[in-house]
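Have a look at the structure below, then the notes.
Taken together, the values in this text are just the output of simple stated rules run on the coordinates, not laboratory data. A quick note: this is a predicted structure, and the numbers were derived from the prediction, not measured. Reconstructed Cβ throughout: ideal geometry from the backbone, glycine too, with neighbour counts over all protein chains shown.
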Amino acid sequence: MRHVDWNQEYPEVPKTVHNSVLDALSRLDEQKQEENTMKKTPKKRILLIAATLTALIGTTAAASGIFQWNERASQVFEADKAIQDELTMEQMAQDISQSVTDQGITITAIQTIQDKNRFYALFEVKAEDPELKITSDYSMDYTMDLEGKEDPFCALEWSFVSENVQEVSNTRYFEIYGTKHEQSEEDLTMNLNFTALRGEPEKKAGEGEILVSGEWNFALDIHTFEMLSYTIDAEYQLGGEAVHINSIALSPLTMEIVYDGSDIHTLEAKQNANLNELDELQGIYPTGVRYEDGTTTEEGLMISLSEGFEDKEETTYKLLLPFHKVITPEKVIEILFDETAVTLK
């Protein structure tokens, strides 16, 4: 038993289960030594073997039984099957499968996908009446209760999917997109209560008439996850100027870049931009990543979820950017900026 490296042999499973099996194996080894010196009955050892095998078999079964991502979620995050399974094992992607029916409307919570910075929830709304045609201009009223905890979101938006995603019928996907606060480090339960389905508004900026009122309650988990962080501490040519990059952090869904604040002000002046008026600076937004095998993931010009100076003295400037195609952070060696490549150390 001692000659097997269980860190290598053990299947790719959640760390909690992994550690519990390693602990059981360690205790098994200790008891074997006791038996050699004290010649006690091996009954306890047999029980430990059984427990270990049960954990191994059960975990392998769980790993092979990863839930199938919804087609719409796969489309939003452009994740292949291997990455989908990885996000599921790390609980960044979760199967919700909660369904509530009231007043002839069934709402199903399908799945969530999230990291430290982003949150996505996918629902399906279905009317029993086939003549009730739900368009992208319909809307849902809802309330959100976090059980007395601080709201983790700095931005939250929701809508039914557009007609180029799903044809108009009595069934339609409903999506919630959230950007989390940086200080949101606590696991939370979001109690989401849908209260009404509204029709199309008469005016573009108005609300539609309530078509159906009811109670559709769901409980969703809000998690935080660590990012893979790199200290860069080097200057690169961005936007025609030397810009000092302090650090870069990656998750499968997002990237954080921290710049030197004075260099950002220099770019602002050179480009005749005004950050206070939400002007965008040329050159500081990445366009993709390069993996260790030489392949690249092209994102186009990445649009930030949030950006700004991190302190009153404006010494650092931080960008938070979403990946449209989910990445594997451990395999990324460079961040691409048009003609410039930033090496991760």
Going from the fewest other Cβ atoms within 10 Å to the most, one would list Asp187, Asp85, Asp293 as Asp293, Asp187, Asp85
What does the net charge come to around Leu336 if you take all other residues with beta carbon closer than 10 Å to its beta carbon, with K and R at +1 and D and E at -1?
-4
State, as an integer percentage, the relative contact order of region 71-222 based on alpha-carbon contacts under 8 Å between residues 6 or more apart.
23 percent
On the first, second and third principal axes, largest extent first, how far apart are the outermost C-alpha atoms of region 125-197 in Å?
45, 24, 16
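Could you line up Leu278, Leu250 from fewest to most neighbouring Cβ atoms inside 10 Å?
On the way: Leu278 9, Leu250 23.
Arranged by neighbour count, lowest to highest, Leu278, Leu250 become Leu278, Leu250.
What is the count of Lys pairs in region 71-226 whose alpha carbons sit under 20 Å apart, if the two are 8 or more places apart or on different chains?
Numbers: Lys116/Lys149; Lys116/Lys180; Lys133/Lys203; Lys133/Lys204; Lys149/Lys180.
Counting lysine pairs in region 71-226 gives 5.
Just flag the GluC sites (Glu not before Pro) in region 160-216 sitting in loop per DSSP whose Cβ has no more than 16 other Cβ atoms within 10 Å.
Numbers: sites: Glu163, Glu167, Glu175, Glu182, Glu185, Glu186, Glu202, Glu207, Glu209, Glu215; in loops: Glu163, Glu167, Glu182, Glu185, Glu186, Glu202, Glu207, Glu209.
Sites meeting the loop and neighbour criteria: Glu163, Glu167, Glu182, Glu185, Glu186, Glu202, Glu207, Glu209.
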The whole-number value in µm²/s of the Stokes-Einstein translational diffusion coefficient for region 219-345, with Rh from the Kirkwood sum over alpha carbon pairs at 25 °C and 0.890 mPa s, is 162 µm²/s
Let me see the pair-distance distribution of region 111-153: every alpha carbon pair, 10 Å bin width, integer percents in order.
17, 40, 29, 14, 1
